[in-house]
Amino acid sequence: MLIERIEIFHVAMPLIYPWRTAYGEDASIESLLIKVSSEDQYGWGEATPFAAPCYSPEWAAGIFSMVNQWLAPALVKQEIPSSEVLNQAMAMFKGNHFAKAAVDTAWWSLHSKLQEKPLYQTLGGTRNRVPVGADFGVMDSLDELVEAVGGAVDDGFPRVKLKFRPGWDLAMLEAVRSTFPELTIHIDCNSGYRLEDSSMFQEIDRFHLAMIEQPLQHDDVVDHAKLAQKIETPICLDESINSIDRARQAIEMQSCRWINVKPGRVGGLTQAVAIHDLCQDAGIPCWVGGMLESAVGASFCVALATLDNFTYPPDIFPSSRFYHRDLADPPLVLDTSSDVPHVVVSDDFRKVPEPLPEELEKCCVQRAVFE
Ligand code: MG
């Protein structure tokens with residue numbers, strides 16, 4: 001396809017309540033939305049590294065600059081027939097995975113429309129129903145958390161993920177595990193610890209968690225391999241896996257037994273599918289994570305999660321969990337009519353979330369157009 005026009009929107013989407021993790025607190029989610037046009041059609045892409053470079057070295061205003069100054073000028077008026085060609089065209093720019101993901105997801109979105117095929121099938125997905133997990137950040141009290149987890153159990157969520165950081169750690173796990181002895185639970189440390197904390201992770205083995213997500217440095221695979229030797233609980237890498245090469249290295253070094261794949265963090269859907277395939281061949285199961293995207297970005301996570309080797313329920317949330325009104329329509333909704341809450345993926349390639357013009361206007365921080 002000939003890329004005729006690229007529009008870039010840096011937005012700030014206010015949350016209902018702040019999102020607290022090991023690296024801090026976000027009151028709104030800053031995201032990048034991209035509209036790519038070709039052949040009288042268009043596709044929307046999205047990626048959000050959040051407002052500050054605290055989850056990864058990228059941040060929303062930074063990826064706006066990256067696309068505005070480098071990626072969009074390199075791609076507009078170019079013939080981009082495949083995702084491989086797109087990724088080759090962006091490969092001369094080092095790193096900047098979230099910025100590339102915003103462009104890559106827009107390309108896939110447009111490609112699926114031009115193919116008149118739903119995105120999940122275009123990516124190789126086989127299921128149109130994705131059971132999802134429940135996820136809890138740091139709260140004001142343990143009682144509040146235990147009550148919230150109880151709600152998730154009552155609602156039938158198949159697993160619960162708990163954010164874990166100094167001050168919200170072993171006592172928190174004790175409170176949840178003693179109340180829910182059989183529940184599938186894992187923790188996400190968001191790279192808040194170091195190898196010197198190994199003895200604390202050894203203590204965690206007694207809680208029989210499904211996995212410990214990203215305990216150590218955001219860019220590490222070496223110390224994680226050392227920690228894996230000392231504990232029984234499987235390690236899942238998230239932040240560390242930002243490319244197919246890093247995934248291969250982590251698998252070779254036995255740094256992890258699980259990989260969380262986020263389309264934004266790995267540079268888009270092209271790389272996400274490649275990492276999925278690599279892990280499948282290596283016998284490493286994966287699951288999909290999200291970044292509190294609007295329904296546009298969340299729809300890419302859903303489509304990705306339909307692939308075979310995504311075996312653990314993803315972090316995919318209904319729009320109403322975080323937003324009074326999703327920036328995009330239709331919003332993401334959970335189907336709770338059966339035992340396990342899940343997302344039903346539409347088989348209609350036209351039914352994809354798009355930004356609502358008035359919400360896009362309201363949330364827009366800066367924009368740029370290339371044609
Ligand atoms: Mg994580």
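The table below gives the values:
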quantity: Lysine pairs meeting the criterion (Cα under 24 Å, 8 or more apart or interchain), as found in the chain; calculated: 27
quantity: Inter-centroid distance (Cα atoms) of region 14-52 relative to region 100-139, Å; calculated: 15
quantity: Proportion of all alpha-carbon pairs of region 1-125 beyond 19 Å (%); calculated: 49
quantity: Fraction of beta bridges assigned by DSSP in the chain that are antiparallel (%, nearest 5); calculated: 65
quantity: Rel. contact order, % - alpha carbon contacts under 8 angstrom, at least six apart, the chain; calculated: 21
quantity: Taking N as its residue count, the alpha carbon Rg of region 274-371 over 2.2 N^0.38 Å; calculated: 1.25
quantity: Per-bin percent of Cα-Cα distances, region 122-344 [5 Å]; calculated: 1, 7, 15, 18, 20, 18, 13, 7, 2, 0
quantity: Binned Cα-Cα distance frequencies in region 216-322 - 10 Å width, integer %; calculated: 16, 48, 29, 7, 0
quantity: Helix-derived mean residue ellipticity, 222 nm - over the chain, DSSP H n ≥ 4, -39500 (n - 2.57), to 500; calculated: -9500 deg cm²/dmol
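Every number in this text was worked out from the coordinates using simple rules, so none of it is lab data. As the structure is a computational prediction, the values presented were derived from the model and not from experiment.
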